[in-house]
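I have placed the structure first, in the form of structure tokens, so that the comments after it can refer back to it.
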Amino acid sequence: MREETPYRTYYSTLTRRVLTLIILATATIILGVVGYMYLEGWSLGDAIYMTVITLATVGFEEVHPLSPQGRVFTVFLITSGVGTFTYGAFSFSKLLIEGEFRRVFEKRRWEREMRKLKDHVILCGFGRLGEKVSEELHRENIPFVVIESNPERTETLKEKSYLHIQADSSEEEVLEKAGIREARILIAVLGSDANNLFVTLTARELNPKIHIVARVEDPQAMRKLYKAGANRVISPYDVGASMLVHAALKPTVTDFIELTTRLGPVTLLLDEVVVEEGSHLDGTSLRDSKIREETGAIVVAVRKGKDAAIIRPEPQIKLERGDLLVVLGSTADMEKLEELSKTPYSL
């Protein structure tokens, strides 16, 4: 079931009111035709004509002289027509005013949300892959803003109430508007490698510290994207092909990957934890940190600074401020480890 959003609610209300008005108008016309045919004995053509000029209040002369019952019925028909017209005018005026207020409200909400953004993710492109990425970010409660130039796709963004900008993401002012200087990550999943390359170049120039992940289709463009400043370049086709082969030849390995990712029912997490300065972990060896005993999580790799990750680190390795731990465990294990990595050391 799709989530009800302000835009969807507004347009569904508009549709309901239009249908209600059409039904009321049609019912009033049918009532007038049947009434004149029954009370006055007129033909179908005369009844339709009299009903239309009565409801339109144009003041034309009656088709035939009316009986007393016919005149009473005409008064009732005029009242019904005026009532239907008044309802329609009031409903549409109210909707127009609501729509205008809604646009003002949405604009102010957008400006407020954009001002609050910090350490967020900028997602460039909202195609099939971009939509999946945004769903994951939304599920993980990670603040993000989408930049998309296609009007049809931005309608989907409005329906989902995702923070977005309808513009070309390769333009500097657009990235500035998206908060590129305060952003933590930029994900470029535009339709062409050239566009992803240009966005990567622009983003790296505006924010040298931002972590950039770019999509690539042509393997020859991968090297160019890395040179342009991308930290990671992903080919969805290569990743998909590799997973298909693993699923066919190494199903047990695939089952384990599914256990640690959202590709399947998550029971274990493979996550990153940073050692904070002055914490319980800062300055201790992996053995003395007692991570496994106190949290249940397993450290599978350690990365010191920008060096390559140390796989299967030795127990005597010293943990220091800024070290990144790659750990495996349940959600509860991760929460305990996060607390341990930030808790000040005490004797």
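Inspect all residues belonging to segment 13-32 and state whether any of them is within 30 Å of Lys160 (Cα to Cα), at pLDDT below 70 and surrounded by 12 or more Cβ atoms within 10 Å (Cβ to Cβ). The answer is yes, given that some residue of segment 13-32 is within 30 Å of Lys160 (Cα to Cα), at pLDDT below 70 and surrounded by 12 or more Cβ atoms within 10 Å (Cβ to Cβ).
All of Ala203, Ala214, Ala230 fail the test of being assigned to a loop (DSSP other than H, G, I, E, B) and in the same structural domain as Gly127 (by TED's automatic domain parsing), apart from Ala230.
Listed here are the residues, each with its yes/no results for (1) in contact with a Cys (Cβ under 8 Å, 6 or more places away or on another chain); (2) farther than 25 Å from Glu135 by Cβ; (3) modelled with pLDDT under 75.
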| site | (1), (2), (3) |
| --- | --- |
| Glu258 | no, no, yes |
| Leu286 | no, yes, no |
| Arg292 | no, yes, no |
| Ile311 | no, yes, yes |
| Gly329 | no, no, no |
| Glu339 | no, yes, no |
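Pairs are defined by a Cβ separation below 7 Å, a sequence spacing of at least 6 or placement on different chains, a first member in segment 121-141 that is assigned by TED's automatic domain parsing to the domain that holds Asp193 and modelled with pLDDT of 95 or more, and a second member that is part of a helix (DSSP H, G or I) and of a type in the set (Phe, Trp, Tyr); no pair meets this definition.
Within segment 157-177, is there a residue that is modelled with pLDDT under 90, within 24 Å of Val216 (Cα to Cα) and assigned to a helix (DSSP H, G or I)? The answer is yes; a qualifying residue exists.
Within segment 150-174, being of a type in the set (Gly, Ala, Ser) and surrounded by fewer than 18 Cβ atoms within 10 Å (Cβ to Cβ) holds for Ser161, Ala167. Candidates are the residues of segment 177-205 that are under 16 Å from Leu123 (Cβ atoms) and surrounded by fewer than 15 Cβ atoms within 10 Å (Cβ to Cβ); the one that is farthest from the chain's Cα centre (by Cα) is Glu182. State whether the residues of segment 90-104 include one that is closer than 30 Å to Ile30 by Cα and either modelled with pLDDT of 75 or more or outside any helix (DSSP H, G or I) (or both). Yes, segment 90-104 has at least one match. Scanning segment 35-55 for any residue that is surrounded by fewer than 13 Cβ atoms within 10 Å (Cβ to Cβ) and closer than 26 Å to Thr86 by Cβ turns up nothing.
The values are calculated or read from the model by the stated rules, or taken from the named source; none is laboratory data. All of these numbers come straight from a predicted model, not from anything done at the bench. For neighbour counting, all protein chains shown are included, and Cβ atoms are generated from backbone atoms with ideal geometry for every residue, glycine included.
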